[in-house]
Amino acid sequence: MTSGIIFNIQRYSIHDGPGIRTTVFLKGCPLKCWWCHNPESQNIHQEIAFWPDRCLDCGDCLKACADKALTRKNEGFLTDKNKCLLCASCAKACFTEARELVGKQITIEEVMEEIKQDIIFYDQSGGGVTFSGGEPLMQGQFLQELLLACQKEYIHTTVDTSGYAPWEVLKGISKLTNLFLYDIKLIDEEKHIKFTGVSNRLILDNLKRLLAEKTRIIVRIPIIPNINDDVDNILKTGRLMRSLGLKEVNLLPYHDSATGKYERRAETYHLMQVKTPTKEKMQDISSILADLGLNAVQQ
Amino acid sequence: MNERVAKLRQESLETVPSISLERARLVTEAYKMYEGKVSVPVLRALTFKYLMENKTICINEGELIVGERGPAPQATPTYPELCCHSLEDMEVMHNRETISFFVNEEAKKIQEEVIIPYWKGKSMRDLLLNSMTVQWKDCYSAGIFTEFMEQRSPGHTVADDKIYKKGLIDLMQDIVKSLKELDFYNDTNAYEKQEELNAMLICADAVLTFARRHAEKVAEMAELEIDPIRKKELEEIAVVCERVPAHKPRTFREALQAYWFFHLGVITELNTWDSFCPGKLDQHLYPFYKDDIAQGILSPEEAKELLQCFWVKFNNQPAPPKVGITLEESGTYTDFCNINIGGLKPDGTDGVNELSYMLLEIINEMRILQPSTNIQVSRKNPDKFIQKAAQVIREGLGQPSVFNTDAVIEELLRQGKSIEDARCGGTSGCVETGAFGKEAYILTGYFNLVKVLEITLYNGMDPRTGKLIGIQTGNPRYFTSFEQLMDAFKKQLKHFIDIKIQGNNIIEKLYAIHMPSPFLSIIISDCIEKGKDYHDGGARYNTNYIQGVGIGSITDSLSALKHHVFEEKTLTMDELFNTLEDNFQDNEKIRQLLLNLTPKYGNDNDYADSIMQAVFDAFYTEINGRKNMKGGVYRINMLPTTCHVYFGSVIGATPDGRKSGDVLSEGISPVQGADRKGPTAVIKSAAKMDHLRTGGTLLNQKFTPQVLEGNEGLIKLTHLIRSYFKLDGHHIQFNVISAETLRKAQAEPEKYRDLIVRVAGYSDYFRNLNKKLQDEIIARTEYDSM
């Protein structure tokens, strides 16, 4: 039985494709974008998350940890990642959910059971399921089988991808999904490497090859101040789209909602001082794209 | 809104609700004249006549629809024949922080010197409480149930279209016809019928006098008016009041004024629950509107202005003052006139018309507490109708609420109503289903499901008082299975429902004998034909309700017991009891276990939801179909008004993690914060209840304005509503969250775990955002709601 690793299933998802949807977040991502608002999605393995404000300081997690990977610190309990074998006994022992196991090994059947619960809403609204991440293509086999299972149930599917995957994987997926939400973050390769950790060549090549497959594509651009919101990048992205005959583009303004997550993970967050783009700024970007004949929607 | 409406609205909003003893004084004078000299229905009718002949006529500056219940806007009468307030009551009403009424010294003096000496010990409240058993009184004070007729009369009905098709003179002819047909040779009830019908005639005539007094007063004012425009308006009002409600209305304006006189009649005769209501206003008015527009005697703007003036009239009449438990169960100035918009026509076709949309605009412009409004949504209505309503809902007014008319019709059909009567019906009060103009659908009291569980856990004893008020169903510490616990609960449930219904049966008779309502009886079919009062089975359909409260809290409590004590054995019954008795004081950890690691209702989880179904079935089976005293039967509905707060205050800590005295879940909504999978999961859970077997359920959903932003937001809300209604959901209401609530959510995140906010480009649980972002959204919400 095929299984994969996911970190969340969100019902009543209304911004990831048409209608009312369920979004399945697959864990693991080959990119490491500075603005990532789901840092817990990057690692393909399970991990333990800690929520200090929920902690009652009862120490049950310490007692439950057979590997002695936990130590008491002023602000809660710290995990020694070298000792922790991710057995999750600490999370099980925690009644307040201050310690949570992020990432769940799950079978196709289990995912489908959850997806099928909202069929009545998909039918009513023209919605369906969106597979997002992380990067869902990192678990290509699992994703393929999920898409097949949805097809059998006549459920509309969307794959939300960075496009960073071997072409064969993407090609296989393209035959099974109804819609791609395809990210173009930056046109300049150097910058792309700097801010996401990988080159954008594969991403752009894949996008070109994908056109032949005739699957509907909506391009998504996250708008990150001072990183990709300059006129040059927007114009280049728009022109590329036009040259490829792509019309639909969604603009996602950066938001600092993830600050807390980075704090909790004790990781550096590069965008600490960055503010959400203003409405005017978003409007300007929209207009640039609209002038190129594109259908730009702000989200 | 134009200047006139803005001014009337402002006055209505700024006037402080006060107590007027005019009605109480006139009623007392009438009783002193007639009591003991005539039959009871005629006594009531003569009292009503005396009121209509002598009460102050109030015409407010600039208004187009006239008539007030009191001598001035917001001047609220009392009903000493129902409830004779003590001087202390008057002080409390005057001084309390919320829902207060200004009481002046003169009012206190009249109360002390005139009202109390006559009514003390002989109001319906006294009569009723004196007729109850010790057992009933114990349950009542323990908070097992409330009693609706303790301070107000049954009421709870709505007008249909007959008052637009017949004038009072036509109705009087119907009454005379019934009188002529009385058979004193064979009908043993002929005398009672004669008295009731005579009483109806007196009441009809009294309202004619009342309308004529308005016409005369307005004509006088017209003569003295200097401003030529207002002079003309007053002359027109005088003509309208001469015409209606004596004759059937001919124009849009006459129709509104006619309704308003009937409304004032009903709410002056008695303090009826949920005041009175025009029901399907858009459908009733549409023929007049269409004709007037075609004839060129009315413009849409004029129609809107008239409707807005009509709106102000409702807002001028706060619910008469309540005290004690009645105030606890319904703590609001709102008197629950709940106007129905949309739905189906009697022939089953789409009933949405131009006026439906106009009413939605009016709600949005007026933004006043009363009247309440709802949309009746059928699968046959266009999406545009829901989306237009959603635009208003998004404003955060809490109005209109949204009903599934197709389900309402099925509920009525299941209860045996004809298809036409069902389609002419709708919902009133909060969410209650009724055949408008033809049914007495009387709410008799809220029923505290969670308290019954608490008493089951204490083997029949109320832990708050130590009194044995239940039956002894065994010490749950020795129960070995969940089924044993459920059996014990069901036995207790039957015990308490028996007590409630025994009390109800007596109260119903008391009202039939001592407090008939002949004026209301004229308007509700088939009281005239039967020669029977509304309180005595005169209506075509007679349904009594008991309203279940706390289904979410009891489900989660039972789920915790089943899961942790009987199945997983995470806790022993002893441990759980100790923790609860301790109100979790030294054991927050166990509370967290109960809160977080228990299957909960509202998450589309069959484990918890099947417990909800079991409790619902038990409640339904115990009540549904029991006979009432009017030839009808009992049904259930699931709504709390504000009673979940009161009921929570009488219960200690519960196994769902709720602390002693905290509120219970409201309506059929999940426990506050227990639903963690979003609105679709809540809807799926709630729809597992068989709504069609009720006479109404109430589901609340919270959203921030951002979730409903833009056209997309409206479309998705429409889909959510349609999906719930496909599943036979009865009603859904959307609370668009204010910044104030968000601040509370910030302070107590655990209570607002289910709160979803739109961040930017996506939505998230509010509790999962950092403080900075929360602050930002609060600021944004404040901005958005301006």
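The values are calculated or read from the model by the stated rules, or taken from the named source; none is laboratory data. The shown structure was predicted, so the numbers you read here are calculated from the model rather than taken from an experiment. Glycine also receives a Cβ, built like all others from the backbone with ideal geometry; neighbour counts cover every protein chain displayed.
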Item to check | Residue count, the range A:186-227 (criterion: surrounded by 22 or more Cβ atoms within 10 Å (Cβ to Cβ) and within 16 Å of A:Arg239 (Cβ to Cβ)) | outcome: 5
Checklist entry - Out of curiosity, is A:Arg220 under 19 Å from the mean Cα position of the chain (by Cα) and at pLDDT below 95? => result no
Checklist outcome for this item: Of (1) modelled with pLDDT of 95 or more; (2) surrounded by fewer than 24 Cβ atoms within 10 Å (Cβ to Cβ); (3) farther than 24 Å from B:Lys677 by Cβ; (4) away from chain A (no Cβ under 14 Å), B:Asn544 fails just (2)
Next on the checklist: Any residue that is modelled with pLDDT of 95 or more, more than 14 Å from chain A (Cβ to nearest Cβ) and touching a Phe, Trp or Tyr at 6+ places or on another chain (Cβ under 6 Å) - is there at least one of those in the range B:579-600?
Outcome noted: yes
Item to check | Positions within the range A:4-24 being in contact (Cβ under 8 Å) with a residue 60 or more places away in the chain, within 12 Å of chain B (Cβ to nearest Cβ) and not in a loop (DSSP other than H, G, I, E, B), in sequence order | outcome: A:Ile9, A:Arg11, A:Tyr12, A:Ser13, A:Arg21, A:Thr22, A:Thr23
Checklist entry - surrounded by fewer than 17 Cβ atoms within 10 Å (Cβ to Cβ), over 18 Å from the mean Cα position of the chain (by Cα) and within 14 Å of another protein chain (Cβ to nearest Cβ) - does that describe any residue in the range A:242-264? => result yes
Checklist outcome for this item: Filtering the range B:458-489 down to residues that are out of contact with any Pro (no Cβ under 9 Å at 6 or more places or on another chain) and at positive phi yields B:Gly460, B:Gly466, B:Gly474
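Per-residue answers, yes or no, for (1) in contact (Cβ under 8 Å) with a residue 60 or more places away in the chain; (2) within 23 Å of B:Lys677 (Cα to Cα); (3) of a type in the set (A, V, I, L, M, F, W, C):
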site	(1), (2), (3)
A:Pro39	yes, yes, no
A:Asp53	no, yes, no
A:Gly76	no, no, no
A:Lys81	no, no, no
A:Leu86	no, no, yes
A:Ala93	no, yes, yes
Item to check | Answer residue from the range A:95-124, given it is touching a residue at least 12 places away in the same chain (Cβ under 8 Å) and under 16 Å from A:Gly19 (Cα atoms) and is farthest from the chain's Cα centre (by Cα) among those | outcome: A:Gln124
Checklist entry - Within the range A:124-145, how many residues turn out to be part of a helix (DSSP H, G or I), more than 14 Å from every other protein chain (Cβ to nearest Cβ) and touching a Leu at 6+ places or on another chain (Cβ under 9 Å)? => result 8
Next on the checklist: If B:Ser481 meets every condition in (1) under 20 Å from B:Glu329 (Cα atoms); (2) of a type in the set (Ser, Thr, Tyr); (3) in contact with a helix residue (DSSP H, G or I) (Cβ under 9 Å, 6 or more places away or on another chain) apart from one, which number is that one?
Outcome noted: (1)
Checklist outcome for this item: Flagged in the range A:146-172 as under 23 Å from A:Lys32 (Cα atoms) and outside any strand (DSSP E or B), in numbering order, are A:Ser162, A:Gly163, A:Tyr164, A:Ala165, A:Pro166, A:Trp167, A:Glu168, A:Val169, A:Leu170
Checklist entry - Taking the range A:78-100 only, how many residues are within 14 Å of chain B (Cβ to nearest Cβ) and in a strand (DSSP E or B)? => result 2
Item to check | Looking only at the range B:662-676, and only at residues there that are surrounded by fewer than 23 Cβ atoms within 10 Å (Cβ to Cβ) and within 14 Å of chain A (Cβ to nearest Cβ), the one that is nearest to B:Ser649 (Cα to Cα) | outcome: B:Gly673
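Here's the yes/no breakdown for (1) in a helix (DSSP H, G or I); (2) crowded, with 19+ Cβ neighbours inside 10 Å:
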| site | (1), (2) |
| --- | --- |
| B:Gln308 | yes, yes |
| B:Pro320 | no, yes |
| B:Leu327 | yes, yes |
| B:Thr332 | no, no |
| B:Phe336 | no, yes |
| B:Asp347 | no, no |
| B:Ser356 | yes, yes |
| B:Glu361 | yes, no |
Checklist outcome for this item: Only one of A:Asn250, A:Asn200, A:Asn233 is assigned by TED's automatic domain parsing to the domain that holds A:Pro166, modelled with pLDDT of 95 or more and in contact with a strand residue (DSSP E or B) (Cβ under 8 Å, 6 or more places away or on another chain), namely A:Asn250
Checklist entry - Going through the range B:673-707 one residue at a time, which ones are in contact with a strand residue (DSSP E or B) (Cβ under 7 Å, 6 or more places away or on another chain), hydrophobic (A, V, I, L, M, F, W, C) and in a helix (DSSP H, G or I)? => result B:Ala681, B:Val682, B:Val707
Item to check | Residues (under 30 Å from B:Ile469 (Cβ atoms) and of a type in the set (Asp, Glu)) located in the range B:94-137 | outcome: B:Asp126
Next on the checklist: Residues to consider are B:Gln111, B:Gln151; find the one that is of a type in the set (S, T, N, Q) and more than 22 Å from B:Asn316 (Cα to Cα).
Outcome noted: B:Gln111
Checklist entry - Could you say which residue among B:Leu692, B:Leu727, B:Leu698, B:Leu714 is touching a residue at least 40 places away in the same chain (Cβ under 8 Å), within 11 Å of another protein chain (Cβ to nearest Cβ) and not basic (Lys, Arg)? => result B:Leu727
Checklist entry - Of the residues that sit in the range B:195-246 and are crowded, with 16+ Cβ neighbours inside 10 Å and of a type in the set (Lys, Arg), which one is nearest to B:Gln257 (Cα to Cα)? => result B:Arg243
Next on the checklist: I need the helices (runs of 4 or more DSSP H) fully contained in the range B:142-252, keeping only those with at least 2 residues that are modelled with pLDDT of 95 or more and among the aromatic types (Phe, Trp, Tyr).
Outcome noted: B:190-224
Checklist entry - How many residues, within the range B:91-127, are under 19 Å from B:Thr15 (Cα atoms) and buried (at least 21 other Cβ atoms within 10 Å of the Cβ)? => result 4
Checklist entry - For residues in the range B:153-169 being over 19 Å from B:Cys203 (Cβ atoms) and among the charged types (D, E, K, R), which is surrounded by the fewest Cβ atoms within 10 Å (Cβ to Cβ)? => result B:Lys165
Checklist outcome for this item: Counting only residues in the range A:265-289 that are loosely packed, with under 14 Cβ neighbours inside 10 Å and among the small types (Gly, Ala, Ser), the one nearest to the other protein chains (Cβ to nearest Cβ) is identified as A:Ala266
Checklist outcome for this item: Residue hits (the range B:717-771; buried (at least 20 other Cβ atoms within 10 Å of the Cβ), small (Gly, Ala, Ser), at pLDDT 75 or above and not in a helix (DSSP H, G or I)) are B:Gly729
